[in-house]
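Asks: Would you mind keeping the following structure in view while I ask a few things?
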Amino acid sequence: MALPMAGPGGYGDEYSERASSLEDYKVTCIRFVRDISVDYIAWVDRYALPAEEDARRREGITSVVGRADEWISRVARSIRGVDVVMNDAIQKMAEATAGRPFPIDVTVGGVRAYTRARPGPVEVRLRASGRGARSAALGRHSRDERFRLESTFPASIAEGGLDGSPDASDLALLLDASGASRDDVVSFTVVVQETEAGEETDRRGVSTIVHIG
């Protein structure tokens with residue numbers, strides 16, 4: 001059983017071309033998120049975790065399903081917007097399934113995971129720490145990308161001064177939402193790597209979605 005992950009184009013590309021209406025597409029994607037959550041919970045079953053950690057990961061997956069349902073229904077205003085919310089939910093469920101062995105906190109305006117901001121520059125605050133003597137540094141989502149970024153408008157996260165693996169104990173990132181309009185959405189994933197003696201020992205991603213309004 002392979003753990004499902006959203007690829008570069010996300011899951012929406014496969015279905016959006018066949019969508020007959022926005023409302024029908026919302027229903028399809030809400031069902032898809034609910035259905036795929038079963039696969040993530042099945043992976044938690046396979047891990048045979050201690051009771052407390054098992055419950056934490058299950059609750060994380062279940063919580064994402066509920067919030068994604070709400071955002072697809074009430075926030076998304078276009079098929080592209082539905083895709084962004086759905087793919088963000090898939091990322092978040094994968095992150096909940098994997099667990100978070102060291103502290104990572106990503107906030108927009110002091111709010112985590114499902115957030116809101118006005119058009120323009122948006123400060124993203126990253127705070128992370130490693131376990132014991134280990135350090136936490138900003139990593140890369142992939143070889144070609146520092147961040148995973150998906151949006152309904154041209155969005156970017158400034159990478160000036162982020163060469164190498166900058167310390168992630170208290171890092172301010174700048175999301176450019178100057179091209180956004182009311183009810184646009186943007187989802188991004190920040191990856192943090194835990195290191196010891198200069199070598200990576202673990203890594204985790206944290207996804208955040210922003211409703212522009």
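The values are calculated or read from the model by the stated rules, or taken from the named source; none is laboratory data. As the structure is a prediction and not an experimental result, all values here were calculated from the model. Here the Cβ positions follow ideal geometry from the backbone for every residue, glycine too, while neighbour counts run over all protein chains shown.
Asks: Confirm whether Pro119 is in contact (Cβ under 8 Å) with a residue 60 or more places away in the chain and over 21 Å from Ile41 (Cα atoms).
Replies: Yes.
Asks: What residue, among those in the range 175-198 that are touching a strand residue (DSSP E or B) at 6+ places or on another chain (Cβ under 7 Å), of a type in the set (A, V, I, L, M, F, W, C) and over 18 Å from Phe153 (Cβ atoms), is surrounded by the fewest Cβ atoms within 10 Å (Cβ to Cβ)?
Replies: Val191
Asks: Would you confirm, using the coordinates I've provided, whether Gly81 is part of a helix (DSSP H, G or I), surrounded by 21 or more Cβ atoms within 10 Å (Cβ to Cβ) and modelled with pLDDT of 95 or more?
Replies: Here the answer is yes, as Gly81 does meet what is asked.
Asks: Could you check the range 136-213 for strands (runs of 3 or more DSSP E) lying wholly inside it with 3 or more residues that are of a type in the set (A, V, I, L, M) and at pLDDT 95 or above?
Replies: Filter on the range 136-213 gives 171-177, 185-196, 199-212.
Asks: Please work out which residue is modelled with the lowest pLDDT, limiting yourself to the range 13-53 and to residues that are assigned to a helix (DSSP H, G or I) and of a type in the set (S, T, N, Q).
Replies: Going through the qualifying residues, I end up with Ser16.
Asks: Scan (1) over 16 Å from the mean Cα position of the chain (by Cα); (2) of a type in the set (A, V, I, L, M); (3) surrounded by 15 or more Cβ atoms within 10 Å (Cβ to Cβ) for the single condition Ala172 breaks and write down its number.
Replies: (3)
Asks: If I ask for residues that are hydroxyl-bearing (Ser, Thr, Tyr) and farther than 12 Å from Val210 by Cβ, which ones from the range 166-195 would you list?
Replies: Ser169, Ser178, Ser181, Thr189, Thr195
Asks: Can you tell me which of Asp83, Asp39, Asp88, Asp69 is among the acidic types (Asp, Glu) and touching a Gly at 6+ places or on another chain (Cβ under 8 Å)?
Replies: The unique qualifying residue is Asp83.
Asks: When you scan the range 175-208, how many residues do you find that are within 20 Å of the chain's Cα centre (by Cα) and of a type in the set (S, T, N, Q)?
Replies: 5
Asks: Please work out which one of (1) assigned to a helix (DSSP H, G or I); (2) under 19 Å from the mean Cα position of the chain (by Cα) is the condition Arg100 fails and give its number.
Replies: (1)
Asks: Could you figure out which of (1) at pLDDT 95 or above; (2) of a type in the set (A, V, I, L, M); (3) within 17 Å of the chain's Cα centre (by Cα) isn't true of Met5?
Replies: That leaves (1) as the condition not met.
Asks: Continuing with the same structure: Of the numbered conditions (1) of a type outside the set (A, V, I, L, M, F, W, C); (2) surrounded by fewer than 17 Cβ atoms within 10 Å (Cβ to Cβ); (3) within 16 Å of Ser151 (Cα to Cα); (4) not assigned by TED's automatic domain parsing to the domain that holds Asp184, Arg116 satisfies every one except a single condition; which is it?
Replies: Evaluating Arg116 over (1) of a type outside the set (A, V, I, L, M, F, W, C); (2) surrounded by fewer than 17 Cβ atoms within 10 Å (Cβ to Cβ); (3) within 16 Å of Ser151 (Cα to Cα); (4) not assigned by TED's automatic domain parsing to the domain that holds Asp184 leaves (4) as the failure.
Asks: Picking from Asp83, Asp69, Asp88, which residue would you name as being in the same structural domain as Ser20 (by TED's automatic domain parsing) and either among the basic types (Lys, Arg) or under 30 Å from Asp170 (Cα atoms) (or both)?
Replies: Asp88
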